[in-house]
Amino acid sequence: MRTPNFKYVRKRKELVELLQNKGIHDQSVLAAIGKIERQLFIPDSALHGHAYENKAFPIGAEQTISHPYTVAFQSQLLQVGKGDKILEIGTGSGYQAAVLAELGADLYTIERQKELYDKTTPLLKSLGYTQVKYYYGDGYKGKQSFAPFDKIIVTAAAPEIPVALLEQLRLGGMLVIPLNNKKGNQDMLRLTKSEQQEIHKEVFEEFSFVPMLKETNE
Ligand code: SAH
């Protein structure tokens with residue numbers, strides 16, 4: 001385990017306060033964000049001083065690390081309990097994965113950019129998140145061999161709801177997904193599969209994500 005970088009303690013605390021002011025109230029989500037060193041997930045060290053601002057930054061392969069507020073909002077919607085079996089689509093920098101791992105999730109995460117998969121897997125392992133399972137592949141297909149999942153989170157802008165993801169949700173399970181709207185942004189949706197196999201839809205505020213793309217990049 002690395003020694004924590006005390007340089008950013010105050011900035012992390014300020015970020016947690018900002019998230020609280022923006023309406024994040026789940027204490028375990030706030031605690032995870034107050035603990036995780038976000039600068040480690042940003043490759044350009046010149047940006048590390050800005051890591052605790054509510055901003056997205058480049059992570060390579062034309063992708064970005066999500067805004068901390070977006071990560072907090074999606075994590076809060078998922079209502080993560082210890083041991084929940086969660087599938088994440090879009091590992092990216094690994095920051096959202098680290099938050100879910102801190103919340104005690106039994107996490108499976110998929111990335112379609114080989115460069116990011118190759119970089120993020122060892123990073124999260126080095127940080128001690130040994131319960132995370134990593135896959136290089138197309139998240140539209142989910143991970144049938146490990147279904148059903150208690151929760152599924154998509155961290156890229158979806159043009160439609162992938163059918164495979166709904167199928168791989170257990171009864172009572174939830175899918176949190178940013179779905180493209182007519183304004184060119186995404187509406188955050190939480191879809192809950194009832195015991196009768198019905199899908200109950202809740203719509204939350206708008207966000208802006210990089211696109212969810214089909215197939216892998218190779
Ligand atoms: N959770 C990430 C968000 C990164 S941005 C973080 O905290 O940094 C979204 C990521 O989704 C990108 O890395 C992108 O390559 C990935 N992605 C897009 N479409 C995908 C798909 N079909 N399957 C898996 N990953 C996908």
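On the stretch given as region 150-175, residues that are within 15 Å of the ligand (Cβ to nearest atom) and not in a helix (DSSP H, G or I) total 14. Scanning region 194-211 for residues that are within 16 Å of the ligand (Cβ to nearest atom) and not β-branched (Val, Ile, Thr), we see that the one that is surrounded by the fewest Cβ atoms within 10 Å (Cβ to Cβ) is PRO211. Of all residues in region 93-117, those satisfying the criterion of being open to solvent by 10 Å² or more (accessible area, probe 1.4 Å) and closer than 12 Å to ALA156 by Cβ are GLN96, GLU111, ARG112, GLN113.
Go through region 63-84 and give me each residue that's in a loop (DSSP other than H, G, I, E, B) and more than 8 Å from the ligand (Cβ to nearest atom).
HIS67, GLN79, VAL80, GLY81, LYS82, GLY83, ASP84
Assess whether GLU62 counts as being acidic (Asp, Glu) and in contact (Cβ under 8 Å) with a residue 60 or more places away in the chain. Write out each step before concluding.
Values: acidic (Asp, Glu): yes; in contact (Cβ under 8 Å) with a residue 60 or more places away in the chain: yes.
So GLU62 fits the description; yes.
Checking LEU175, LEU191, LEU165 one by one, the residue that is open to solvent by less than 30 Å² (accessible area, probe 1.4 Å) and either in contact with a His (Cβ under 9 Å, 6 or more places away or on another chain) or acidic (Asp, Glu) (or both) is LEU191 and no other. A residue that is more than 14 Å from the chain's Cα centre (by Cα) and either on the phi > 0 side of the Ramachandran plot or at pLDDT below 95 (or both) occurs nowhere in region 149-171.
Check whether at least one residue in region 2-10 is within 24 Å of MET212 (Cβ to Cβ) and part of a loop (DSSP other than H, G, I, E, B), and report yes or no.
Here is the first cut: in region 2-10, the residues within 24 Å of MET212 (Cβ to Cβ) are none.
Scanning region 2-10, I find no residue that is within 24 Å of MET212 (Cβ to Cβ) and part of a loop (DSSP other than H, G, I, E, B), so the answer is no.
Output the residues belonging to region 122-149 that are assigned to a helix (DSSP H, G or I) and in contact (Cβ under 8 Å) with a residue 24 or more places away in the chain. Don't jump to the end; show me each part of the working.
Initial filter on region 122-149 (assigned to a helix (DSSP H, G or I)): 122-126, 139-141, 144-146.
If the condition is that a residue be assigned to a helix (DSSP H, G or I) and in contact (Cβ under 8 Å) with a residue 24 or more places away in the chain, then LEU123, LEU124, SER126, GLY139, TYR140, GLN144, PHE146 are the ones that fit.
With respect to LEU87, is the statement that it is more than 9 Å from the ligand (Cβ to nearest atom), in a strand (DSSP E or B), in contact with a strand residue (DSSP E or B) (Cβ under 8 Å, 6 or more places away or on another chain) and at pLDDT 95 or above true? Against the criterion (more than 9 Å from the ligand (Cβ to nearest atom), in a strand (DSSP E or B), in contact with a strand residue (DSSP E or B) (Cβ under 8 Å, 6 or more places away or on another chain) and at pLDDT 95 or above), LEU87 qualifies.
The values are calculated or read from the model by the stated rules, or taken from the named source; none is laboratory data. Fair warning: this is a prediction, and the values are worked out from it, not measured in the lab. Cβ coordinates were reconstructed from backbone atoms using ideal geometry, including for glycine residues, and neighbour counts include every protein chain displayed. Note: accessible area is taken over every heavy atom of the protein model, side chains too, but ligands, DNA and RNA are not part of it. Shrake-Rupley method; radii C 1.70, N 1.55, O 1.52, S 1.80 Å.
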